[in-house]
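Report on the following structure.
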Amino acid sequence: MNILAWIVFGALVGWVAGLIAGHQRMGCLTDIVVGIVGAFIGGALVEFITGGDFIFRFNLISFIVALIGAVILLSVVSLFRRGAA
């Protein structure tokens, strides 16, 4: 995917992950970062489980994989924030 597609994909995934994880007001830039990092986490998780390569495309399966990774990322961040408080 080109950089513009990564930004749009990341923003969409980050926004939906924020809604699922209860982080409604993260901001556009944070949504993009969460979505892109979530895509890497989800892709690594799929590759670890299946043992094969996972290639991201702009489709539903890639969206779901990235969404799972982003929700995991937000859950881990929430755990660290609660532990530090």
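The values are calculated or read from the model by the stated rules, or taken from the named source; none is laboratory data. Here the structure is a predicted model, which means the values were calculated and not measured. Here the Cβ is made from the backbone with ideal geometry for all residues, glycine too, and neighbour counts use every protein chain on show.
Below, the figures for the structure above:
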quantity	calculated
Members of the stretch 8-21 that are under 13 Å from Arg57 (Cα atoms), in contact (Cβ under 8 Å) with a residue 12 or more places away in the chain and more than 9 Å from the chain's Cα centre (by Cα)	Phe9
Residues of the stretch 41-66 satisfying the condition of being touching a residue at least 12 places away in the same chain (Cβ under 8 Å) and either surrounded by 15 or more Cβ atoms within 10 Å (Cβ to Cβ) or in contact with a strand residue (DSSP E or B) (Cβ under 8 Å, 6 or more places away or on another chain) (or both)	Ile41, Gly42, Gly43, Leu45, Val46, Phe56, Ser62, Phe63, Val65, Ala66
Check on Ile64, at pLDDT 90 or above, within 22 Å of Ile3 (Cα to Cα) and either more than 17 Å from the chain's Cα centre (by Cα) or of a type outside the set (Lys, Arg) (or both)	yes
